Structures are given as structure tokens and as C-alpha cells.
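Asks: Below you'll find the structure I mean.
The values are calculated or read from the model by the stated rules, or taken from the named source; none is laboratory data. This structure is a prediction, so every number in the text was calculated from the model and none was measured. No Cβ is skipped: glycine too gets one built from the backbone with ideal geometry, and neighbour counts run over all protein chains shown.
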Amino acid sequence: MASNYRGYRPPQGMVSWALHRLAGLGVLVFLLLHIVDIFAVGYGPEAFNDLLFIYRHPIFRAGEVILVAGLYYHALNGIRIILVDFWSKGWKYERQMFYAVVALFLLSFIPTAILMLRPLF
């Protein structure tokens, strides 16, 4: 007897919710790092230049790409959330809007990631 069970597939709303929170936390971490590096200016140009040297490392470049991914997703999904919350028929199209967010994210992020990573190759 064959089983039709294909594993647990979370609904799009739950995936979207989790990714939105994760992207928001990533942006928050970036803002905190940015505050620290601007604070380093107060210690003189050498301290600030040392910090900029760290930012030029290839691993940090990959982190910047992940940050941009988080920013793009958070912004696009935020628009979807606004539409679902404030458009009277938004809940009817929640699934379609989720897939639209994914498509717009991929169309905008992939070229950006290629441009950002080009200096590493």
C-alpha cells in the first residue's frame, strides 16, 4: 500500500511571516553594526580605517549580499502585508501576492547579487 504522505509543507503565510521576521532582525543587526562603525570615527581616522579594512574582506562582502537580500524581501513583503491588511479583498489574493513577492524578489535580487559579487571573481 503506497502512502500519499509527502511531508509537512508549511503554508505560504507562515513561511512569509518567518522570513519577514528574520529579514527584519538582519536589518537590525546591520543598523547596530553601522552605529558602532560611525562611533569609531570618534576614536580617530586610524580606528575608522581599521574597521573599513574589515569591511573589504570577501566574507563581509557575502554578508552585504545577504543584507541586501533581507532588505529587498523585507520591503517587498511589507508591501504585501499592507495590501493584505488595508485592501478589503487582500486576504483573497494572499497566496498570489506571496508568489508575486517571491518573483519580484528574484528578479531584483539576482542581478544585484551578481553586480555585488563581481569584484570577488
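Asks: Just give me the residues in the range 17-31 being farther than 25 Å from E94 by Cα and surrounded by 15 or more Cβ atoms within 10 Å (Cβ to Cβ), in sequence order.
Replies: Once the filter is applied, which keeps residues that are farther than 25 Å from E94 by Cα and surrounded by 15 or more Cβ atoms within 10 Å (Cβ to Cβ), the range 17-31 yields only F30.
Asks: Exactly one of (1) surrounded by 15 or more Cβ atoms within 10 Å (Cβ to Cβ); (2) at pLDDT 90 or above is unmet by L51. Its number?
Replies: Only one criterion is unmet by L51, namely (2).
Asks: Quick one: M116 ticks every box in (1) over 17 Å from A23 (Cα atoms); (2) surrounded by fewer than 14 Cβ atoms within 10 Å (Cβ to Cβ); (3) not polar (S, T, N, Q) except a single one, so which number is it?
Replies: (2)
Asks: Could I ask something else about it? Which members of the range 12-29 meet the condition of being at pLDDT 90 or above and not aliphatic (A, V, I, L, M)?
Replies: H20, R21, G24, G26
Asks: Just to be sure before I move on: is Y43 modelled with pLDDT under 90, within 17 Å of Q12 (Cβ to Cβ) and out of contact with any His (no Cβ under 6 Å at 6 or more places or on another chain) in the structure I sent?
Replies: no
Asks: Now for a separate question. Go through (1) touching a residue at least 60 places away in the same chain (Cβ under 8 Å); (2) of a type in the set (A, V, I, L, M, F, W, C); (3) exposed (fewer than 15 other Cβ atoms within 10 Å of the Cβ); (4) closer than 23 Å to V29 by Cα one by one and return the number of the condition I81 breaks.
Replies: In the conditions (1) touching a residue at least 60 places away in the same chain (Cβ under 8 Å); (2) of a type in the set (A, V, I, L, M, F, W, C); (3) exposed (fewer than 15 other Cβ atoms within 10 Å of the Cβ); (4) closer than 23 Å to V29 by Cα, I81 misses (3) alone.
Asks: Residues in the range 24-33: is at least one under 30 Å from P119 (Cα atoms), β-branched (V, I, T), in contact with a His (Cβ under 8 Å, 6 or more places away or on another chain) and in a helix (DSSP H, G or I)?
Replies: Within the range 24-33, one or more residues are under 30 Å from P119 (Cα atoms), β-branched (V, I, T), in contact with a His (Cβ under 8 Å, 6 or more places away or on another chain) and in a helix (DSSP H, G or I).
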